Amino acid sequence: MNGNNVIQILFYLTVLLLTVKPLGIYMAQVYEGKPSLLSIWFGSFERALYRISGVKFEASMTWKEYAGAVMLFNILGIMAVYAIQRMQAFLPLNPLALPAVSPDSSFNTAVSFASNTNWQGYGGESTMSYFTQMLALTVQNFVSAATGMVVLVALIRGFVQKQTKTIGNFWVDLTRSTLYILIPLSLVMALVLVSQGTPQTFASSVKVTLVQPMKDASGKPAPEQLIALGPVASQIAIKQLGTNGGGFFNANSGHPFENPTPLSNFLEMLAILWIPAALCYTFGVMVQDRRQGWALLAAMLIIFIPCLLWSAQIEQQGNPLLTSLGVDQKPAAFQPGGNMEGKEARFGIVSSSIWSIATSAASNGSVNSMQDSFLPLGGMLPLWLIQLGEVIFGGVGSGLYGMIAFVIIAVFIAGLMIGRTPEYLGKKIEAYEMKMAALVALIPHIFILIPTALAVLLPAGKAGILNPGPHGFSEILYAFSSASGNNGSAFAGLSANTPFYNIALGLAMFFCRYWLIIPMLAVAGSLSAKKIVPVSSGTLPTHTPLFVFFLAMVVLIVGALTFFPALALGPIVEHLMLAGGNLR
Amino acid sequence: MLREQLRPAIMMFIFLTALTGIVYPLTVTGLAQVFFHKPANGSLLFASDGKPVGSALIGQNFDDPQYFWGRLSATTPPYNASASSGSNLGPANPALLEAVKARIAALRTVDPNNATTIPVDLVTASASGLDPQISLAGAYFQLPRVARVRHLPDETVRNIIDQNTTSRCLGILGEPAVNVLKVNLALDEFKK
């Protein structure tokens, strides 16, 4: 690996860690209802919203009421996104006169955007009208991110409160997340992206005259290029910040309009992890022990940093088959070299590698390079990071509540080892919490492995494969991992816009989102009702390097043991074939 | 329990939709059109007669020896700016090797005396199929051919390349790259 690769990685990590604290403190202010500049300006507007909507904003909800409100709001969202896609031909802002989206694809996309997955079976610029992109997809980008954040905040209240029946007000948490955190950050981000070259217009596609005229497939002259435009920047900003990942264009952030320059690329990569990382700090502030927040962040970094370095190293080596054709893949002053298939010239190897790791560690799922064309192990790392349960940063909110589920498992195991009742932050962890945490850890495994096995048995599943051999299996495994992890990235060669994949992946996304949210809210309710046990000499400290390491190992063992056999059938065997030069 | 949440759910959904789906994108559009007019409308490039000839950010297909060639494009037709896509070919896929071999053959045919090894970005497809740029190595590899076909001194062509090269941001981020479309436009201008 060359020097600049390491410098880019270090620069990225440094800026990320420096920006965690200010945003983390600010978000804690928002959720604790303390005044900030924005809440002073918009506070009366916020209260007016509640009044008109009939929200009793002083009333705190029990966990069941909270979960009911979450589900009601999300199901409304799914229905609205479905309806808008089906009716887009009759709605305004459709300059290309795009027809209605098919029922199965509409279902898939509706669940996908509401569940913060943003798996895309369709190509954005050729499927969705500007109206759909804005009023269906951008809206869900915001509120699905906010949904993840509010569930986390409710869980944190479970640790902070004592002997309380309620965990907060969903409508207040939802509105504050959107109004004071997501919209202001997205507004700034969107304008910076426009300054770099991301379009933001309601004008239709523009036709330009090619410098060198082409001929089409039948030999007729084709002297023009039709360039798709649209309100792109406003959607890309929230897509990166809200760990959504659903692109305006088919090529996502590989498209020069979605991600025009190295600077836009850096900011978009930073945005992938910014809120998930800062929420660790918010957690520390809210539980009044900042070391606990740093400890969770450290456990994430222990797994994240080696993946960054390894990915860049793998992709930088290049494709051995191209070396044998005499292609120059060595990094030098004038070229990044390496495995450039599916990567953009302005990003080269390391900016593509960092992105692939960040987007899969967080459940963002946007891409700036095509992961299907990564080398076998380079593609395995993002796949494996998703399979770890999307808790290494993970989705906004959802990553951290998932990580707290693993903390519950870790203190439980530690409790068994030392023979004491496990506690975390002064709350006793008992059988009920442990059952819920086990659900959160295990449900995604079921929805990854069983549908993958079915898909490779059924003709409808095998029909989607693009690449032959073990890589084809990896495509299917990646699809179900991505859907179940609510990630949304893909080995995009898989033709997934078919009724089989649209429905199967749609169900996986739905259950792996809401069947985790409900148990986590149950934990929040149960913890909230408990008293706080004072710290004693027998308390297991959870901010020490020992616990951080132990936690990372629990995450690794649960993830690695479950998926090793499946990974061996896909990327690992492909790596061995490629390295050994034996491709049959 | 759920029935009393129905009105808040519907009303909040409508308000948040209006806020994030209408007010927010309209605000961004308004500010973008005022302060960043050119990039907000696609960074278009115009010929001297005022006709748009492309976008500075969207590549075009070149296979004429007098022009620099860009990355391979996996869209149909190549560089289709209405349907971006990568090839998604896996590293061991025979179709990938066929595409690479075909590009090598094409590059060697138009420049048979060039014995240097071909930089990898010239024989591989980009992520978007619309990559407007190539590496400096990819440009310098083609320099002797373009200079020869156009009867220009190497130095002139090299200057045009350097003028259309972007370096790393802050000297750290991304990779230096040459904008193929801008170089080719500059070459055509230079002839006149």
The FRET efficiency for A:Ala222 and A:Ala59, from their Cβ-Cβ distance with R0 = 56 Å and rounded to 0.05, is 0.30
Can you list the HN-Hα couplings for the range A:399-404, worked out from phi with the Karplus curve (6.51, -1.76, 1.60; θ = phi - 60°), rounded to whole Hz and with x for Gly and Pro?
-> x, 6, 5, x, 5, 5
Residues of type aspartates and glutamates that A:Lys34 reaches as a straight line, Cα spacing below 19 Å, ignoring anything fewer than 8 places off in the same chain | A:Glu46, A:Glu58, A:Asp173, A:Asp289
Amide H to amide H, which residues 5 or more places from A:Glu423 or on other chains are under 5 Å from it, using H placed in the peptide plane?
-> A:Ile429, A:Leu540
Rounded to the nearest whole Å³, what is the per residue volume of the convex hull around the Cα atoms of chain B?
-> 213
State, as an integer percentage, the relative contact order of the range A:429-584 based on alpha-carbon contacts under 8 Å between residues 6 or more apart.
-> 28
Treat the count of other C-beta atoms within 10 Å as a stand-in for reagent exposure and order A:Trp515, A:Trp41 from fewest to most.
-> A:Trp41, A:Trp515
Order by protection proxy (mean Cβ within 10 Å, highest first), peptides A:559-565, A:125-131 | A:125-131, A:559-565
Got a sec? How would B:Lys38, A:Lys428 order by Cβ neighbour count within 10 Å, fewest to most?
-> B:Lys38, A:Lys428
Out of A:Phe491, A:Ile429, A:Leu400, whose Cα points farthest toward the positive end of the dipole of the range A:397-580 (charges: +1 Lys, Arg; -1 Asp, Glu; placed on Cβ)?
-> A:Ile429
For A:Val535, put the label point 7 Å out on the Cα→Cβ axis and report which residues of the range A:267-289 keep their amide N under 19 Å from it.
-> A:281-289
Going by a ≥ b ≥ c, the root eigenvalues of the Cα gyration tensor, does the range A:429-584 fall in the rounded group (a/c under 1.5), the prolate group (a/b larger than b/c) or the oblate group?
-> oblate
In terms of Cα to Cα distance under 16 Å, which aspartates and glutamates are near enough to A:Lys435, apart from those fewer than 8 places away along the same chain?
-> A:Glu423
Environment charge at A:Val208 (Cβ cut-off 11 Å; Lys +1, Arg +1, Asp -1, Glu -1) | +1
Over all residues in A:71-82, what is the mean tally of Cβ atoms on other chains that come within 10 Å of each residue's Cβ?
-> 3
Let me know the mean shielding of A:219-230 by other chains, meaning the per-residue number of their Cβ atoms within 10 Å of its Cβ.
-> 4
Counting only C-alpha contacts under 8 Å and six or more residues apart, can you give the relative contact order of the range A:135-293 as a whole percent?
-> 22
Relative contact order of chain B, pairs being alpha-carbon contacts under 8 Å that are 6 or more residues apart, as % | 20
Fewest to most Cβ atoms within 10 Å: A:Phe547, A:Phe257 sort as A:Phe547, A:Phe257
Can you tell me the dipole magnitude for chain B around its Cα centre, using point charges on the Cβ only (Lys, Arg +1; Asp, Glu -1), in Debye to the nearest 20?
-> 180
Summarise the partner chain shielding of A:317-326 as one whole number: the mean count of Cβ atoms from other chains within 10 Å of each residue's Cβ.
-> 4
Compute the Cα gyration tensor for the range B:104-192, then decide on rounded, prolate or oblate, letting a ≥ b ≥ c be the square roots of its eigenvalues: rounded whenever a/c is under 1.5, prolate when a/b is larger than b/c in the other cases, and oblate in all that remain.
-> oblate
For B:Leu45, enumerate residues with amide H under 5 Å from its amide H, sequence gap 5+ or separate chain, H modeled in the peptide plane.
-> B:Val53, B:Gly54, B:Ser55, B:Ala56
Set Lys and Arg Cβ to +1 and Asp and Glu Cβ to -1, take the dipole of the range A:123-265 about its Cα centre, and tell me which of A:Thr261, A:Ser204, A:Met134 lies farthest positive.
-> A:Met134
Charge sum, other residues only, whose C-beta stays under 13 Å from B:Ser73's C-beta, Lys/Arg counted +1 and Asp/Glu -1 | -3
Filter the chymotrypsin sites (Phe, Trp or Tyr not before Pro) in the range A:440-488 to those in DSSP coil with at most 11 other Cβ atoms within 10 Å of their Cβ, and list the result.
-> none
Taking a ≥ b ≥ c as the square roots of the eigenvalues of the Cα gyration tensor, with a/c under 1.5 meaning rounded and otherwise prolate when a/b exceeds b/c and oblate if not, the range B:1-77 is oblate
Set A:Lys64/A:Lys427; A:Lys215/A:Lys343; A:Lys220/B:Lys182; A:Lys239/A:Lys330; A:Lys215/B:Lys51 screened for pairs whose C-alpha atoms are more than 24 Å apart = A:Lys215/A:Lys343; A:Lys220/B:Lys182; A:Lys239/A:Lys330
Within the range A:264-281: backbone nitrogen closer than 13 Å to the B:Ile172 label point (7 Å, Cα to C-beta) | A:266-267, A:270
For the charge dipole of the range B:44-191, defined by +1 on Lys and Arg C-beta atoms and -1 on Asp and Glu C-beta atoms about the Cα centroid, which residue among B:Gln142, B:Ala95, B:Ser84 has the Cα displaced farthest towards the positive pole?
-> B:Ala95
Over the protein assembly as shown, the sum of -39500 (n - 2.57) across DSSP H runs of at least four, divided by residue number and rounded to 500 deg cm²/dmol, gives at 222 nm -18500 deg cm²/dmol
For B:Asn114, what is the net charge nearby, where nearby means another residue's Cβ is under 15 Å from its Cβ and Lys, Arg count +1, Asp, Glu -1?
-> +1
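Bear in mind these aren't lab numbers, they're just calculated from the coordinates by the rules spelled out. Just so you know, these numbers come straight off a predicted model, no measurement behind them. We place every Cβ from the backbone using ideal geometry, glycine too, and count neighbours over all the protein chains shown.
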